[in-house]
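See below for the structure under consideration.
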Amino acid sequence: MRQISLEVLKERKTKILSAVIHHYIKTGKPVGSTVLIDEYNVSLSPAAVRNVMAELEEEGFLTHPHTSAGRIPTDKGYRSYVDNLLKLQSFAIGEEERIRKEYEQKHGEIESLLSETSRILSGLSQYAGFVMAPQTQYDEIKNIELVQISNSELLIVLLTQSGVIKHKKIEAFLSQGEIAKLRNFLNDKLRGVSIAQANKRIVSEIKEFKQQEEEILKAAEKISDVFYNIQDDIYIDGTSNVVSIPDFNDFEPVKSLIKFNENKEKLIEVISKDFTGNGINVKIGSENAIAELKDLSVITTVYKNGERAVGVLGIIGPKRMEYKKMMSLVSRVSEMLNKFFKDMEK
């Protein structure tokens, strides 16, 4: 009997696993040997295909629901499939033009741009799209404006190098002259300093003020606390898209996304872990760190201001998704956002 080499066996398994996943993504139905032979040019006998599928099941790449003879992919199977996507599928020129036009309409204020990006990701993927605003702790201060809104209240307006604007009110009893002096002090000492460093910088530099300027000292200390307590933000759109996905017979994945929309800090905490990653990052089902995402897949990548990564964007959807297309979408949107950040500096 002719021996089959390990390379040939491995190639067969890869081809059959890819075909099973591709068909399951397309139909949502368990896949049998006949379908693979008829539709995916698998040149093996039905018995040989069934043997390979059985081996893939034993190895944890496939499983079969209940008494069905067909197989469906496991999280491990999806992971193998994603890892074998050596080349991302190029996005159609029409789609890229659509993204560009959407951006051109929102070119300007960074909050509008990021909000529009989450809608683009959601609209093109038909899943939930999200964009985490530039991480403020790494962002550098471009300008600080102080606006007196009453005798006892001062509005702090912070503009960062990435274009993010933060507002915060504090209690302060200052004259116009004192406000001008404090504004000059803050911009002189903090322009070009990261948010993370600003709090310490104020504390160390504040001693330059004379004791008789007690009210300025108090206001500066409160502004120092503002920098310490600045929170990152995230824009998420399309959570309702998941409701219509037939994969979910129960409501748990939908409830999880709704919770994320209501409690964005939790999602920020999860997504922030991908901030230092390179390229496209795919987490499938149980690979996600928290239980709320165990029935979902998350595709993320960072976006940059120049050469510096400043935030994370991506999509959340079912494990049964077109990974090539979704990975390409996330990649292309990131590239477009990088470009518009660069253009905003001109």
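Values in this text are rule-based calculations from the coordinates and carry no lab data. These numbers were taken from a predicted model, which means no experiment stands behind them. Here the Cβ is made from the backbone with ideal geometry for all residues, glycine too, and neighbour counts use every protein chain on show.
Per-residue counts of other Cβ atoms within 10 Å, averaged by peptide: what ranking do you get for 282-295, 69-82, 311-324, highest first?
Listed from highest to lowest mean packing, they are 311-324, 69-82, 282-295.
So between residue 145 and residue 34, what do we pick up on full extension, going 0.36 nm a residue minus the alpha carbon distance?
Computed gain between residue 145 and residue 34 is 33.0 nm.
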(request) Measure off 7 Å from each Cα along the Cα-to-Cβ vector at residue 168 and residue 265, then give the distance between these two points in nanometres to one decimal. (result) 1.5
